Amino acid sequence: GSVILMGSSSRGVKQTAKLTASIAELGDGTGILIAVDQEGGLVQRLKGAGFDRIPAAADQAKLSPAKLTQRATTWGTQLAKAGVQLNLAPVADVVPKANLGANQPVAKLRRGYGSDPEKVAAHVRAFIEGMHAGGVGTAGKHFPGLGAVKGNTDFAANVVDATTTADSPLLRPFRDVAGGGTDAVMVSSAIY
């Protein structure tokens, strides 16, 4: 089975580890995958003693990929100590420059690494490498991307992307991580 730790918690690593250990016991020896949404910025579910404050992806993008891997290794180690095996991150969506002002799910919330598919791909890989080095799997999201939409699928129905195609350059980060990197891919609920 699997469990996603939802909501926000400021209990810290030790208290979270007690919770995840009690959940793991329910697996009756077969194992339970424990996941959390720990992107950084507004989407950091676990906080408190032992968890660093993770900056938003827009700020992570200012780091070199090597520095981001180093920082993500620390964040991954903290999650592993808390008993989390899968981080529902990073955001691999590329928001075109022309859509930066209108994009609600990624740009407005500072959840993305930018508008350049190559740069986004490099930072997505760096985040994944760090999480793996810390002992935690990743889920690249939100395939095939929320960069070209306006509405936020968390709050709006019928969010449509009428421009992204199978050969779109916006898919580069997803192609890169699917070819060898991420452990899972989270699918978008937009309409394509």
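Ligands, DNA and RNA excluded, the heavy atoms of THR20 present near 10 Å² of accessible surface to a 1.4 Å solvent probe.
Taking 13 Å as the straight-line reach from the Cα of LYS141, the aspartates and glutamates in range (excluding those fewer than 8 positions away in the same chain) are ASP37, GLU39, ASP93, ASP176, ASP183. Counting charges near ARG172 (Lys, Arg +1; Asp, Glu -1) among other residues having Cβ under 12 Å from its Cβ returns a value of -2.
For ALA133 and ASP154, the FRET efficiency from 1/(1 + (r/R0)^6), where r spans their Cβ atoms and R0 equals 25 Å, is about 0.25. Taking the protein heavy atoms of the chain in the context of the full set of protein chains, the accessible area attributed to carbon and sulfur is 56 percent at 1.4 Å.
Straightening the chain between ILE191 and ASP59 buys 44.6 nm, computed as 0.36 nm per residue apart minus the Cα-Cα spacing.
Per residue, the chain exposes 48 Å² of accessible surface when a 1.4 Å probe is rolled over the protein heavy atoms with every protein chain present. Taking region 1-124 as the region of interest, the number of lysine pairs whose Cα atoms are within less than 26 Å, with members eight or more places apart or on different chains, is 18. Computed from label points 7 Å out along Cα-Cβ, the spacing between LYS14 and ASP28 is 3.4 nm.
May I ask for the net charge around GLY1, where only other residues with Cβ less than 15 Å from the Cβ of GLY1 are counted and Lys, Arg are +1 while Asp, Glu are -1? Don't skip to the end; give the middle numbers.
Values: positive: none; negative: GLU25, ASP28.
Every neighbour counted, the sum reads -2.
The values are calculated or read from the model by the stated rules, or taken from the named source; none is laboratory data. Every value quoted in this text rests on a predicted model; they were computed, and no experiment measured them. For neighbour counting, all protein chains shown are included, and Cβ atoms are generated from backbone atoms with ideal geometry for every residue, glycine included. Please note that ligands, DNA and RNA were not included when accessible areas were found on the heavy atoms of the full protein model with its side chains. Shrake-Rupley method; radii C 1.70, N 1.55, O 1.52, S 1.80 Å.
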